[in-house]
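Some notes on the structure that comes next.
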Amino acid sequence: MLVTSKESWKIIVRVTHLWHVASYNNPSELHSIELVLMDEKGDKIQASIKRSMIMTYRNLLNKGESYTLMTFGVGINSGDYKPTSHAYKINFLNITKVEVNRDTSIPLY
């Protein structure tokens, strides 16, 4: 179970959706990358990569691929737009590690 007071997580997930959010003041600039991740049970959770970390993770993540994620933040999923019903969301940190995982037990969608 995810909790907000811990950052030393290690989970295996598949990226089911990935999109770029433009900056409100400058549509040609990225504000964040948003993702929907799914585990082997089919549970989905939203994840966010903020502007300051986009260059680090931009080319590491692809829709449909499975990854092992380590050392990330967990926050309350409280925004106006919630692509999942999960109570929490994952926040990538500058120390978050991403490794490709060939796990075939996670459904594609």
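The values are calculated or read from the model by the stated rules, or taken from the named source; none is laboratory data. This one's a predicted model, so the numbers in the text were calculated from it and none came from an experiment. As a convention, Cβ positions derive from the backbone with ideal geometry for all residues, glycine included, and neighbour counts pool all protein chains shown. Accessible surface areas use protein heavy atoms only, side chains included; no ligands, DNA or RNA. Shrake-Rupley method; radii C 1.70, N 1.55, O 1.52, S 1.80 Å.
Annotations for the structure displayed:
- Based on C-alpha pairs under 8 angstrom that are at least 6 apart in sequence, the chain has a relative contact order of 32 percent.
- Simple label model, 7 Å out from Cα along Cβ direction - residue 56 to residue 80, nm: 2.9
- Accessible area of residue 29 in the full protein assembly, 1.4 Å probe (Å², nearest 10): 80
- Straight-distance candidates among the lysines for linking to residue 63, with alpha-carbon spacing under 26 Å and chain neighbours fewer than 8 residues away dropped: 10, 41, 44, 50, 82, 89, 97.
- FRET E, pair residue 29, residue 103, Förster distance 35 Å, beta-carbon r, rounded to 0.05: 0.50
- Taking trypsin sites (Lys or Arg not before Pro) in DSSP loop conformation with at most 15 other Cβ atoms inside 10 Å as exposed sites, the chain has its longest uninterrupted site-free stretch at 64-101.
- Cα-based shape type of region 61-109, given that a ≥ b ≥ c are square roots of the gyration tensor eigenvalues and the cut on a/c is 1.5: oblate
- Using the Cβ of residue 18 as centre and a radius below 9 Å, the other residues enclosed give a net charge of 0, where K and R count +1 and D and E count -1.
- MRE, 222 nm, helices only [DSSP H, n ≥ 4, -39500 (n - 2.57), over the chain, to nearest 500]: -500 deg cm²/dmol
- Cα gyration tensor category, rounded, prolate or oblate, for the chain with a/c compared to 1.5: rounded
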